[in-house]
Amino acid sequence: MPELPEVETTRRGVAPLLTGRIFTGAVLRQPRLRWPIDPELAERLAGRRVRQVARRAKYLLIELDDGATLIIHLGMSGSLRHLPADTPPERHDHVDLLLGEHCLRYRDPRRFGAILYCPGPVELHPLLVKLGPEPLSDDFDGEVLFAACRGKTAPIKTVLMDNHVVVGVGNIYANEALFAAGVRPTRPAGQVSHEECQRLAAAIRATLLRAIEAGGSTLRDFTDAIGKPGYFQQHYAVYGRDGLPCHACATLVQHTRLGQRSSFYCPHCQT
Ligand code: ZN
């Protein structure tokens, strides 16, 4: 599943291909993804110039010159490619956003993604309005995290993955940041110290930035009709490594489930 680094890498990939360009229409081969796609999308997009491609949490925001925004979520399996518009579509290529002789093509085998047209201020859209701070912005730090943890008995990992506290910290990065900060994922959030929250906030930022850099260097490009853009493999300290020795101390990494999500930790390095 694309997490925040993959979405940010996608944004960086497609932004130069879209910014300043004018949409000429859209082709919908599938009426709905997770939600129905606006059937008038082609008419709404035609003639509109792209001001910029932004991101909020895991939503890509294609901002148009009339104040409207196209919100794209990649769901479980979505990807975007920039192709000649006459490239024959394959089975899961559900939507083309037309840019003259090229198109931005949306593929999504599992159709859990979304393409939503938002005519008004996008920050007030119901999907975005209640989101917590961005983890890479100045609005999130150890103070914010410590305040959010006060009085909470839920596991710290569950709190890190709560979009009201901080957005975009998915299961992989919550596991990795908790290892880097030396905090066990099962610990009640209210018992995590101020200093540990500082370490956690820094670890979240570092873990996400490292993944974004890895994406930027391993990603091929968004113009390759054959490649699979937007996803990249990384080496993890604990994620997916249950039963294997911890890189720091050789204790075997443990696995547990928290809120249906797989959680991995080193019982020696994380207390
Ligand atoms: Zn260890």
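Miscellaneous remarks
- Check on Phe146, in a loop (DSSP other than H, G, I, E, B), hydrophobic (A, V, I, L, M, F, W, C) and surrounded by 14 or more Cβ atoms within 10 Å (Cβ to Cβ): no
- If the condition is being of a type outside the set (Asp, Glu), surrounded by fewer than 21 Cβ atoms within 10 Å (Cβ to Cβ) and at pLDDT 95 or above, then region 65-83 contributes Gly67, Ala68, Ile71.
- Of the criteria (1) in contact with a helix residue (DSSP H, G or I) (Cβ under 8 Å, 6 or more places away or on another chain); (2) among the aliphatic types (A, V, I, L, M); (3) closer than 15 Å to Ile37 by Cα, which one Leu116 fails: (1)
- Criterion applied to Ala57, Ala26, Ala15 was being modelled with pLDDT of 95 or more, surrounded by fewer than 22 Cβ atoms within 10 Å (Cβ to Cβ) and of a type outside the set (Ser, Thr, Tyr), and the one residue passing it is Ala57.
- Of all residues in region 91-104, exactly one satisfies the criterion of being under 27 Å from Leu4 (Cβ atoms) and not in a strand (DSSP E or B), namely His92.
- Unique match (being part of a loop (DSSP other than H, G, I, E, B) and of a type in the set (Ser, Thr, Tyr)) among Thr207, Thr186, Thr158: Thr186
- Scanning region 233-251 for residues that are surrounded by fewer than 16 Cβ atoms within 10 Å (Cβ to Cβ), within 16 Å of the ligand (Cβ to nearest atom), outside any loop (DSSP other than H, G, I, E, B) and at pLDDT 95 or above turns up at least one hit.
- Pairs, first farther than 17 Å from Gln198 by Cβ in region 141-169, second polar (S, T, N, Q), C-beta under 7 Å, six or more apart: Pro155/Thr186; Lys157/Ser263; Met161/Asn171
The values are calculated or read from the model by the stated rules, or taken from the named source; none is laboratory data. Note that the coordinates shown come from a computational prediction; the quantities given were computed from them, not determined experimentally. Cβ sites come from the backbone with ideal geometry, for glycine too, and all protein chains shown count toward neighbours.
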